[in-house]
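Quick notes on the structure that follows.
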Amino acid sequence: MADDQPTEDVPTGYWVAFGYQNHVLPVPADDAPRAGTKVAALCGVLVPAGEESERDDRPVCAWCSGEVRAGNVRLVPSPS
Ligand SMILES: [Zn+2]
């Protein structure tokens, strides 16, 4: 794997809050309906689609924030 991947190849995601923490949810590759399904944050924590809310003052997930800091995901505005 090369270190010089163009930024366009970096997956995108956005901060959401669920459970006890804020997590980053990857942006789905398509617009497939998510109703009734579970979606996984970067760290692998699952949340039923639609139960996440806007980022708030909960603690941030160490794994998700680490991925953001490492540049493994590009933050985009929440689609909601
Ligand atoms: Zn997380």
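For region 12-75, just say rounded, prolate or oblate: build the C-alpha gyration tensor, square-root its eigenvalues into a ≥ b ≥ c, call rounded for a/c under 1.5, and beyond that prolate if a/b exceeds b/c, oblate if not. The shape class here is oblate. Ligands, DNA and RNA left out, the accessible area of region 12-75 computed with a 1.4 Å probe is 54% carbon and sulfur. Each of the peptides 15-22, 67-74 was scored by the mean count of other Cβ atoms within 10 Å over its residues; in descending order, highest first, they stand as 15-22, 67-74. Rolling a 1.4 angstrom probe over the protein heavy atoms with all chains in place gives region 12-75 an accessible area of 61 Å² per residue.
Amide H to amide H distances under 5 Å link Arg74 with Thr12, Gly13, where only residues 5 or more positions off or on other chains count and H is placed in the peptide plane. The heavy atoms of Cys64 offer some 0 square angstrom of accessible surface to a 1.4 angstrom probe. Taking amide H positions as modeled 1.01 Å from N, with prolines and chain starts lacking one, the residues under 5 Å from Asn22 and 5 or more places away or on another chain are Val60, Cys61.
Sequentially through region 10-18, phi angles give Karplus couplings (6.51, -1.76, 1.60; θ = phi - 60°) of 6, x, 10, x, 9, 6, 9, 10, 7 Hz, Gly and Pro residues having no value and appearing as x.
The values are calculated or read from the model by the stated rules, or taken from the named source; none is laboratory data. Just so we're clear, the structure is a prediction, and the values are computed from it rather than from any experiment. Neighbour counts are summed over all protein chains in view; Cβ atoms, including those assigned to glycine, are modelled from backbone coordinates with ideal geometry. We work out accessible area using only protein heavy atoms, side chains counted, and drop any ligands, DNA or RNA first. Shrake-Rupley method; radii C 1.70, N 1.55, O 1.52, S 1.80 Å.
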